[in-house]
Every structure is written in C-alpha cells, then in structure tokens.
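Student: Let me begin by handing over the structure; questions about it come next.
Just so it is clear, none of the values below were taken in a lab; they were calculated from the coordinates. Model, not experiment: these values are computed from the prediction. Note that each Cβ is placed from the backbone with ideal geometry, even for glycine, and that neighbours are counted across all protein chains shown.
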C-alpha cells in the first residue's frame, strides 16, 4: 500500500477542511514517498491523445541541420507521405534510409502517424531503425516514442523508454500517470507522482487531476488532503479542472463537507463544477441537497446542459420530487434534449420511482429508440407498483423485439417473479440465465436464490447456492433469511453456524437468525446471538432490536423483552406491535392495552396488524368490552376495513367468554365470507363450554372449507370425548380413515445446554426414556394422592382406565417437562414448546408439577404461553 509522508519531521499533514491548510509552509514542497515497484505486466487501454499531440510538434528549423538537396528531398517526401496518411510507404522509406539521410523531425512525423493509426508493428520497426542509426532518443524523439507506445497499447514498452529519458517533460509524466489510472493500476500512478516530486518536476493542473483520481480510488484521504494544500500553495485554487477533481476526490471518500467547502470557495464556477456537486450529492444519498444546488445554479444564471438535467432527474427520482421532475422534463423538451435515449431513460425512471406509472408508460411508448435500460426501467417500474404480471409480460415483449436483457433486467424480472410467486416463470428465467452464461454473475445468482426462497422452493435455492463458485455476505444472508421465512429454523441455525466459519455475520444476518431461535424457543442460542450483536453494536439497528425483543417474547422471557423494548431509542410501529403481541401471547391483556395507548401517545398510528395484536390480547384475556371498543376504533377512527384475521379474533373473544350464540350470529353477519379459521375459533369455544350441538353444526362448515386439516377433526373428537360420546368418536375416526387423513403427530421440545431435545407422543426411543416414564408415573401417583383425577377423555380412546392412563402419560409435553426436571439444575425454569394445543390433562399435570417441584414451567403451545407457578397458570383457562 502506498503511503505519502512528509520529507521533514517538522512538516505535518494538514486537512483542507481545517482553516489552517492555506498556511502550509511552501518548503519543502517535495514530499517523500514510499515508492511502488513498477509492474512489468501492465497492459494499456486505448486513449485519444489529441490533447498531447500539439505538445510534441517539432519544428523542422529547430531539429534539422544543413543537408544536401537529395537528403532534403527524402525528408520532404516522407513528411508528405505522413501528411497523406500513407504509413506503409513512409516506414519503408525510413527503413531503407541511411542514418545520415533523415532528420529527427522525420522520425517524429512517422512515429506520430504510427500512434494515430495504432500501428504498433510499424512503430517498433521505426524504433529499431532509430537504435540501428544510433539516434539519441532522449529528447523529442524519445517523447514521441513514449507517446506512440502508449497510444498503441504497449504501456510496458512505453515505460521502459520513459525510464531511460533523462529529462522527461511534465506532459509525459501526466501521460503515464493517466494511463495507469485508466487501467486501474493506481499505485503505479502514485509512484510516478512521487518520483516527479523527487526529481523536482513541477506538476500542472492535469497532474493534480490524475493523482487525485488515484488517491480517491485508493482511499488515501490524508495524501489527498496533502495534495489539496499543495494545490493552494502553487496557485491552482482557481483552476476549475483541479477544483473539480478535488471535489470528486472528497465525494469519493464521503467527505461531503470538505467537497462543499472547496466548491463554495471557487469563485468562477463552470457548469462542470455545478454538475459535479449535484451528481456527488445524489451518489452520496443526499438527493435533496443536490436539488438545492441545482436551484442555486439556476438562480445564478448558469446555462444547464444535458448532464445537469440527467443529474437533477436522478435527484428527483431518489427524493420523490415529482413536481420538479416534471419541470425539468419540460425544460429538456424545450431545449431539444428529448430525443436523447439516456435522457428519456432517466425521465422514465423518474416518473416510475415517483409513483407516476402512467406518465412513465407514456414516455416509454413515445421513445423512438429504446435501449435495454429503457425496457429494464419500465419492468422495474411495474414491479415497484406491485404489477408483477405486467412486468413479466413486458419482459416477454422485450425478447420478442430482439432486445437482449442484461444483468439488471434479469434481476428485475426475478424480483417480479418473487413478488408474484411465479415459480414457473422464475424457472424459465433460470433456464435463460444458464443458456446465456449469466450464472457466473454473483448479482444474478443472489437474485435467483431470493426468487426461489420467496416462492417457497428452498431446494432450488440451495442448489443455486451450492453451485456458486464465489459467495458474498448477501448470498449467505439470502439463504439464511430464506430458510427462516420458510419456517425451517433448524436449517437456518445450521447454515448460520457454517457461515460463521467463513464470513462475519452482519446486522441483516442477525435479524434473520433471531426469528429461527424464536420459532424453536431456543433461548440459549438466542442469548449467544444477543451477546454477539451487543459486542458488534448491532442493537442500534432497529430491525435487529425488534427481532431480539420478539425472540425473548417467544422464548417466554417477557420481562427481558420489556427491558430491551424500553432500551430501543427510536421505536417504530413494528417495535410496538411486537411488544403488544407479546403481552397478548402471555395473557397480559391489560398490559397490552396500556402499551397500545402509549404507542398512540407517541404519535405512531396503528395499522391492521397492530389491531390484530390488540384484539388477540383481549381475546386471550377475556376482555370482551375492550375488544369491541378496539374493533370499533379500528373501523370508525382509522377507517381500516376488517380482514378475516380481525373477524377471527372477535369470534374467538366471544366464544372463549361463553357468548357462543353471539359469535355464531356475528359470523353469519360478516360482510366477507368466513374461512376455516373463523369457524375454527367458534369450534374451540364449543369445546371450552361443552356445547356439542353447536360444535357439530360449526364443524361441518370447517370440514367443508378445509377437508384435509386433521386438527379440526381431533378438536371435534375432543368435544365428543369430553361428553363421553364414544360412538361419535369412533365414527369420526372412521371418517378420517376413509379420507386417508393422518393426524399431525404431537411433539414437544426443550432446549438444554444449546441442544434441542424433541419428544413425540408415545415415543420410547429416547436414551432416558425409562427415567422419564418413571418420573411421570411418580407425579401421576402423587396427583391421585392429592385427590386429582386424570381427565381420561383426553386419551381419545374408548378403553379401560388403565389403558387411557398409559396413553395420557405418553403425551409429549409431559415427557419434555420430566426430561427438564431430570437434566436442569434445581430451581431452573423449565421451558417447553409444543406444536399443537396442550391437552387439558397435560395442562393440569404441568400446574401440579410446578407446585410440587417448586419450579416455574413455561409451556408454549400453538395457541399461547402458559406460565405455571405454585400450581397456577397465567392463562386462567383462556386457551
């Protein structure tokens, strides 16, 4: 890495942003550099060097000595051939001449023609003749040789000739520095600049422009600031070219204020200066300031050009200033720029990003010539407005018009497929990507994985991921987020562990992993991640903070969730909704209402999701009047039309509190067709309040809407079992059998020392199965001694009492709780999660164990949390 340092220990770097940089001592002017060794393998990109040619014109009078008539005629003849562009004959004459026949100006003319025609082979022949004739190439001829090699693309040979020159002019130094910058070998350019200073060659404005470009690319801020001070001392502070380069340097390194100070101090600003400021603000995410600069420019009477208009349109796109965008568009039409394809693309993009899709379509349709950018902007516009099908249709039209999509088009169409769930079209696009060799693009592959993940096809996403030769942080985050959002928490945590061996997780990773911990109730793993994000300062990220609060809520540690919630400096709607839902899940309806009211006081307006959370909280706490009040507030005050989820909460609220008839009438009066969830909420209420007749009526609606969902059949079976209608239970079992349905197996899990232990009802394969079964039987015996009779109906079998009791003892939540008692330290809270609703017998037994073992048991089932302590449960029967 190149570093600049001062030649004297008394001279220090001075930042141009400070008020003292104008007062840098002029001596010593030459900084000391740690030079880079020249790179011998450097290649060259072509460049038009017309600006340099005038510098290398050589006067015949200055170079030619006294020659005879024959020699003069030969030199004239070669010069005429060069003027006519006849390089072949000119080179042949040079090669066939004696050393005394040719003047230096003749060699220079031929070399300049070689450069102009980029004929490296002829240039090398002339160079060979110069060597054979013993011509000294240290002056103008040497400069012409360097110029020829650079222009013909042989930078290595140009550098070799240059290094042999004893007194190279500043133009040659600039030439090479610029060429190294062109091929992104910035370090070599800096090395040459340092060499210039060492040799006492004074830089000019072009030198500063080139070296600032190098320092900007290398991120050498201090060195660039030194150049800034050097510029002031040499009197280039009013040179627009240099000042524009200084501004570009500062903006490249995100030193916006320093760039603005340079701009403000420039007295005679040209259109490039103004354009640079506008463009730089836009590229640094400060579009509003870019618009402000444009207004100042316009008021100053500076004539805008096409670049100005394009920059301002980009600013309007970023900050959503549709009104100004329209004005600029109208100005562009009056100025005659409206036929420019680049301008039209930016106008189209501006209308699209500002939400005026109709005008974007109008511009698109009027374009006489459309580039791939035009089509891509229009496709992206449709996707942005949620019209994914229209975007896909336009993509097909684009292909029919023979326009080949680029990487940006492909990623836009993949995003459209992801938003609309069009997996088949996404697969067709994937096929196109493979056929056209675009699957080597990291950007495209990341978009492809995102499309598959959002379409729910994680197998296809994993196939893309595993075949990628190079992965970045976005690749890992896409896969981890995909597993998390597709309810595959184990795969999420497994891939996260693999990622940690290769990449450092960022805030996006953490925000994706925490929901997986929440889903598994993996508190230990969640706490490990909590420590990691605190060490890396990620808690300041609102997405991470919200995900962390949600994780603790769903792991049953509501107190810690509340503490962390209070620590969030700026709470958004999601923050409040998470804590409100958390209170509801844990049965603290009053606290949920208090939080909802605090949210409104904070000036945050609730949305439909917030109202689902507060209605859910009221339902699980039996707060009927409060629930109705919030339902009315949602409709009347916030004009939010209730969705099925809101109606399901209201039905659940009425049903849980015993208002079954009201709930049934409420469903029949709904303005939208009720789904199985709405009817299912009433069916749950029928079980709680033992209304078999209504349950049968409601169940038929549920079975019609979701005939494959075994959960509702089991719920009705529970209702029959509680009423001891075993014949009806048998008929229901036969009905399930005829349909070929299989009951979802009940399973529970508990995390101990970072490992998740899973238990399935009736499973005896666990290594500690004997100990677990023995402990459950001991608790059952003690319950009987205390006068508690097991609720045999939950066994769902018509058998003798012994068989029923054996079946009940095998329920998964009992096994998980017993395992926790055997393996956790005394007094440690037992946290168990179940995939289905906890049965009444397991609920009673868990309460009994909490009292007997003097432990708190936190049981999370598919409905809510049950905090059991000293024989009592937080649910108070509402579950």
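Student: Need one number: nm distance between label points at residue 331 and residue 217, each 7 Å from Cα along Cα→Cβ, rounded to one decimal.
Tutor: Rounded to a tenth, the inter-label distance reads 3.3 nm.
Student: Compute the helix-to-body angle for 155-164: its Cα long axis versus the longest principal axis of the chain, expressed 0 to 90° and rounded to tens.
Tutor: 50 degrees
Student: Further question on the same structure: When the Cα centres of the range 423-479 and the range 330-347 are compared, how far apart do they sit, in Å?
Tutor: 37 Å
Student: Please find the FRET efficiency linking residue 72 to residue 307, where r is the Cβ-Cβ separation and R0 is fixed at 45 Å, and quote it to the nearest 0.05.
Tutor: 0.30
Student: If you count, for each residue, the other Cβ atoms within 10 Å and average over each peptide, how do 627-635, 836-844, 140-148 line up from highest to lowest?
Tutor: 140-148, 836-844, 627-635
Student: From the P(r) of the range 149-236, could you give the percentage of C-alpha pairs in the tail past 23 Å?
Tutor: Distances greater than 23 Å cover 18 percent of the Cα pairs.
Student: Now, a different point. Would you order 109, 466 from fewest to most other beta-carbon atoms within 10 Å of each residue's own beta-carbon?
Tutor: If I rank by nearby Cβ atoms, fewest first, I get 466, 109.
Student: Nearest 10 degrees, 0 to 90: what angle lies between the long axis of helix 624-636 and the longest principal axis of the chain (Cα atoms)?
Tutor: 40 degrees
Student: Calculate, in whole percent, how much of the Cα-Cα pair population of the range 584-679 lies beyond 16 Å.
Tutor: So the portion of pairs separated by more than 16 Å is 53 percent.
Student: Just to be sure I understand the model, the point goes 7 Å from the Cα along the line to the Cβ. What's the resulting residue 689 to residue 504 distance in nm?
Tutor: 5.9 nm
Student: Quantify how much of the Cα-Cα distance distribution of the range 225-347 extends past 16 Å, in percent.
Tutor: Counting pairs separated by more than 16 Å, the tail of P(r) holds 60 percent.
Student: Something else: Please state the relative contact order of the chain as a whole percent: Cα pairs under 8 Å, 6+ residues apart?
Tutor: Relative contact order comes out at 5 percent.
Student: Would you mind giving the three semi-axes, in whole Å and largest first, of the ellipsoid equivalent to the range 649-744 according to its Cα gyration tensor?
Tutor: Semi-axis lengths for the range 649-744 are 23, 16, 9 Å.
Student: I've got another one for you. Can you order the peptides 516-525, 668-677, 571-580, 613-622 by their average number of other Cβ atoms within 10 Å per residue, highest first?
Tutor: Packing order, densest peptide first, comes out as 613-622, 516-525, 571-580, 668-677.
Student: Right, another one. Roughly how compact is the range 87-197, stated as its Cα Rg over 2.2 N^0.38 Å to two decimals?
Tutor: Here the Cα radius of gyration is 1.08 times the empirical estimate.
Student: Mean projection of the alpha-carbon convex hull of the range 423-503 over all orientations, in nm²?
Tutor: 4.8 nm²
Student: Any chance you could run the full-extension gain for residue 265 through residue 781? It's 0.36 nm times the residue separation minus the Cα-Cα distance, nm to one decimal.
Tutor: 176.8 nm
Student: Using 0.36 nm per residue, how much length does the chain from residue 835 to residue 406 gain when fully extended, once their Cα-Cα distance is taken away?
Tutor: 149.8 nm is the gain from fully extending residue 835 to residue 406.
Student: I've got another one for you. Roughly speaking, what is the stretch gain from residue 722 to residue 202, that is 0.36 nm per residue apart minus the C-alpha to C-alpha distance, in nm to one decimal?
Tutor: So the extension gain works out to 177.3 nm.
Student: Give the order of 378, 93 when sorted by the count of other beta carbons within 10 angstrom, beginning with the fewest.
Tutor: 93, 378
Student: What FRET efficiency, computed as 1/(1 + (r/R0)^6) with R0 = 51 Å and r the Cβ-Cβ distance, is obtained for residue 590 and residue 774, rounded to the nearest 0.05?
Tutor: After rounding to 0.05, the efficiency reads 0.75.
Student: If you don't mind, another one. Relative to the first principal axis of the alpha-carbon coordinates of the chain, what is the inclination of helix 372-384, with its axis defined by its Cα atoms, in degrees from 0 to 90 and to the nearest 10?
Tutor: 20 degrees
Student: What ranking of 89, 103 emerges when the number of other C-beta atoms within 10 Å of each C-beta is taken as an exposure proxy, fewest first?
Tutor: Lowest count first: 89, 103.
Student: At 20 °C and 1.002 mPa s, grab the translational diffusion coefficient of the range 542-639 from Stokes-Einstein with a Kirkwood Rh over Cα pairs, rounded to a whole number in µm² per second.
Tutor: 162 µm²/s
Student: What FRET efficiency do you get for residue 734 and residue 559 if R0 is 45 Å and r is their Cβ-Cβ distance, rounded to the nearest 0.05?
Tutor: 0.40
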